[in-house]
1. Against the definition (surrounded by fewer than 24 Cβ atoms within 10 Å (Cβ to Cβ) and either assigned to a strand (DSSP E or B) or out of contact with any strand residue (DSSP E or B) (no Cβ under 7 Å at 6 or more places or on another chain) (or both)), how does B:D115 come out, yes or no?
2. Has the range A:189-197 got any residue that is under 23 Å from the mean Cα position of the chain (by Cα) and either not assigned by TED's automatic domain parsing to the domain that holds A:F57 or not aliphatic (A, V, I, L, M) (or both)?
3. For the structure I just gave you, tell me whether B:F316 is under 26 Å from B:H426 (Cα atoms) and part of a strand (DSSP E or B).
4. Looking at the range B:214-252, which of the residues that are over 25 Å from the mean Cα position of the chain (by Cα) and surrounded by fewer than 19 Cβ atoms within 10 Å (Cβ to Cβ) is modelled with the lowest pLDDT?
5. Kindly indicate the residue of the range B:434-453 that is among the small types (G, A, S) and surrounded by fewer than 19 Cβ atoms within 10 Å (Cβ to Cβ) and also nearest to the chain's Cα centre (by Cα) among those meeting that condition.
6. Considering the range A:146-168 alone, what residues qualify as being on the phi > 0 side of the Ramachandran plot and either away from chain B (no Cβ under 11 Å) or basic (K, R) (or both)?
7. For the range B:273-318, which residues satisfy the criterion of being among the charged types (D, E, K, R) and modelled with pLDDT of 95 or more?
8. Which of the residues that make up the range B:148-182 are of a type in the set (S, T, N, Q) and closer than 30 Å to B:T73 by Cα?
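The values are calculated or read from the model by the stated rules, or taken from the named source; none is laboratory data. Small disclaimer: the values here were computed from a predicted structure and weren't measured. Every residue, glycine among them, receives a Cβ derived from its backbone with ideal geometry; neighbour counts consider all protein chains shown.
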There are 2 protein chains.
Amino acid sequence: MALIADLPRNEEGIATALDLLRQRLGAGRVETGQALREQHGHTTTWIRTQPPDAVIFPASTGEVQDIVRICATHRVPIVPFGTGTSLEGHVNAPAGGISLDLGAMNRILAVHPEDMDAVIEPGVTRKALNTHLRDTGLFFPVDPGADASLAGMAATRASGTNAVRYGTMKDNVLSLKAVLPSGEVVTTGARARKSSAGYDLTRLIVGSEGTLGIITELTLKLQGIPEAVSAATCSFASVAAACDAVIATIQYGVPVARIELLDALQVKAVNAYSKLSLPETPLLLLEFHGSEAGVAEQAEAFGGIAAEFGGTGFAFTTREEERNRLWQARHDAYWASLALRPGAKGISTDVCVPVSRLADCVTAAQEKTREMGFVAPVVGHVGDGNFHVLLLIDMEDPGEVARAERFVGWLNELAISMEGTCTGEHGIGQGKAPYLEAELGPAAMEVMAAIKRGIDPLNIFNPGKLRLPV
Amino acid sequence: MALIADLPRNEEGIATALDLLRQRLGAGRVETGQALREQHGHTTTWIRTQPPDAVIFPASTGEVQDIVRICATHRVPIVPFGTGTSLEGHVNAPAGGISLDLGAMNRILAVHPEDMDAVIEPGVTRKALNTHLRDTGLFFPVDPGADASLAGMAATRASGTNAVRYGTMKDNVLSLKAVLPSGEVVTTGARARKSSAGYDLTRLIVGSEGTLGIITELTLKLQGIPEAVSAATCSFASVAAACDAVIATIQYGVPVARIELLDALQVKAVNAYSKLSLPETPLLLLEFHGSEAGVAEQAEAFGGIAAEFGGTGFAFTTREEERNRLWQARHDAYWASLALRPGAKGISTDVCVPVSRLADCVTAAQEKTREMGFVAPVVGHVGDGNFHVLLLIDMEDPGEVARAERFVGWLNELAISMEGTCTGEHGIGQGKAPYLEAELGPAAMEVMAAIKRGIDPLNIFNPGKLRLPV
């Protein structure tokens with residue numbers, strides 16, 4: 001596995017803090033079992049596991065504050081943990097310390113149907129929230145695939161298939177509370193829908209990857225469950241034709257809720273895995289939310305646009321069963337991909353470029369994977385210009401892993417050269433730290449470092465992530 | 001006028017910096033005429049003018065950098081200036097120094113129709129941008145009323161009547177460049193639609209009121225001009241009934257583009273001013289953007305909901321001339337208000353509360369103004385819970401001004417007690433600084449101060465605004 005270097009450990013501080021934490025919480029709550037620690041340093045990428053020294057499941061904001069104060073006094077790292085679905089090593093503990101698993105703080109504190117918001121503890125997952133909301137006519141839209149904790153999603157500024165309509169976590173967190181490295185609790189905003197009151201601390205903590213504050217409460221915007229949903233699919237001769245159809249659809253003002261691209265290899269994988277018989281060319285899958293009349297109108301508008309760009313096999317429906325059938329290719333994409341190379345691990349890239357550059361970027365990535373000999377299907381949240389190349393890698397082959405790393409670096413740099421970003425939704429963490437400066441430049445790194453130093457002068461919150469200059 | 005205290009002046013530094021600036025730019029470009037200085041310390045509120053020592057119109061980012069470096073070396077304040085339409089004293093110079101008028105940096109650098117974005121210099125106003133975009137089928141939606149500079153709008157996190165549909169400046173700035181107090185230029189993001197790359201510096205600078213960076217370039221999201229627009233109006237027996245109709249409309253998922261409330265006094269003012277004969281009860285005005293069929297469906301859906309809440313006189317149209325007639329009451333609201341008390345000045349509040357509390361907040365504000373003897377019509381961007389009480393004040397009567405200040409404070413505190421904010425869209429500036437801590441608490445003030453100290457350790461960028469702890 002790729003080496004992300006360990007950071008210097010403060011052995012004496014860690015030992016002292018563990019003693020004090022046992023006194024404060026009871027010995028049993030400072031968990032040090034090997035399996036639990038390994039699980040909390042778990043990564044879903046090629047980065048090797050860097051387990052913490054102990055795992056604690058705090059039950060309240062007050063406990064988080066006490067833990068932070070003890071760790072701050074003894075300069076011990078704290079790594080917040082939600083559900084561990086980060087793809088970029090966010091939960092690793094390269095300098096050891098405490099993994100703070102917020103999964104036990106999972107109460108839904110309030111739902112305000114009139115204001116269309118909910119107040120939750122950090123460990124609530126998106127599915128748990130939506131199950132709770134079932135009878136209110138409301139839902140929380142951000143859907144990164146995994147049933148992640150909502151605070152983890154906030155910390156990594158996650159998004160997913162419907163960001164083109166509903167935005168990312170930055171757009172859907174109204175305000176939050178977080179425990180600072182000082183042990184104080186900061187409230188970043190009110191429950192009003194908009195505010196011009198001071199620096200936007202909500203958006204500062206969202207995406208800060210646990211390096212500035214430990215989120216202990218979120219106020220989230222909710223959406224009305226649409227009266228009707230329609231789905232549409234259409235095949236295209238090339239990625240470029242599909243992307244042109246996407247651009248035209250959005251320019252035309254069709255309010256798509258989801259617009260996903262599968263490349264030809266991905267379609268082939270799904271055909272094999274799910275016994276489908278889709279044309280093995282690039283496929284767009286769309287979903288529309290609105291009134292009965294609206295979603296039919298929208299799907300038909302897309303159909304007309306798709307035809308202009310040579311789309312074939314256009315199909316659409318508003319019936320749920322039919323929708324699931326049309327979208328099956330997307331739902332099965334990940335497992336179908338893994339089946340292309342049994343035993344391999346899927347390593348996902350996450351670049352995002354201006355939509356006008358998307359076809360060029362996807363096509364270049366496909367050529368490069370072929371040239372480098374990878375099996376690597378592509379899925380994309382193409383309304384946002386974000387796509388994932390899933391490299392199927394034999395993790396036991398160091399040469400192959402190294403080549404994969406080279407590909408990821410090449411693609412990140414290509415996206416940056418196209419005025420894009422190395423990460424649309426997965427975050428920087430450990431894996432992408434080298435590309436952050438390439439993307440934003442030294443002045444941005446220095447501003448981020450100044451913020452980090454000002455808020456966490458001892459660098460105890462999730463050290464080693466983002467790799468800001470000290 | 002209310003006293004906002006001057007801050008200590010660095011006389012020696014100012015004199016030295018002015019000399020150096022004259023050497024760098026030419027003597028004529030460091031303008032010190034009384035009228036120009038007064039105009040640049042101009043405020044549109046009761047706060048007295050605090051003029052800068054000189055006004056400079058930089059022509060390029062490089063000039064801004066040079067000016068900042070000279071001012072930083074000699075610890076001289078810099079106050080960025082757009083069009084001077086701030087309502088909270090943002091452009092005042094309480095410690096003297098340089099007003100940096102960015103109006104001459106007004107080029108539109110690029111429009112990317114496929115990506116639906118534009119790259120502009122800071123002095124471009126929203127009307128100038130929309131005029132430029134006329135033939136592209138695109139527009140920039142944020143509309144605060146005044147034809148403000150877009151960088152000024154970004155700096156104050158402005159919004160306006162259509163934020164309920166298109167969001168505020170925080171949602172419509174993709175990325176920006178700003179000159180830091182160090183003289184370096186920071187780029188806060190790429191041109192991709194979304195990103196998880198590091199701290200959200202875009203949202204940090206947006207709303208920072210010129211205290212962290214001087215915006216020299218903005219990349220803005222654009223919207224497609226809707227195929228069709230419909231307008232609707234409806235009268236209600238009470239503010240509560242109107243607000244209930246707003247809540248139901250939004251919960252029902254009708255994608256309103258604008259939803260504005262005029263209270264009974266405001267309607268009365270408009271009837272008198274514009275020779276209309278609207279029922280003198282609370283009035284809602286709505287606008288819908290979409291397809292021809294969609295906007296008719298949306299207006300009708302609202303009509304049905306309004307009827308449930310006792311709405312009367314419901315009217316809607318998709319024809320432009322008719323739309324302007326229906327919305328005339330809103331367009332004339334400000335001037336009609338001033339005509340209620342000739343010679344008086346209008347002082348606007350700006351609280352924003354959760355929509356469920358809006359009726360209570362507006363009604364309490366109306367009762368309080370009556371009790372205090374003010375003539376004070378109300379308009380509201382009610383889809384967001386934001387409303388403005390326009391106090392008509394004789395600025396020559398110190399007792400009346402003092403009472404008005406007491407009212408504003410009372411209303412700010414009421415909104416905060418309702419989980420709202422003292423400012424939905426005008427910003428903190430000088431006028432609302434006392435309420436920022438009441439709203440967000442000491443920990444948030446300390447985080448903001450840490451950020452300010454980290455980025456602007458000499459406190460030379462717009463000192464005295466936000467009034468963060470030193």
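1. no
2. no
3. no
4. Across the range B:214-252, the extreme among qualifying residues is B:Y252.
5. Restricting to residues being among the small types (G, A, S) and surrounded by fewer than 19 Cβ atoms within 10 Å (Cβ to Cβ), the top hit is B:A438.
6. Within the range A:146-168, A:R157 is the sole residue that qualifies.
7. B:E280, B:E287, B:E308
8. Within the range B:148-182, B:S149, B:T156, B:S175, B:S182 qualify.
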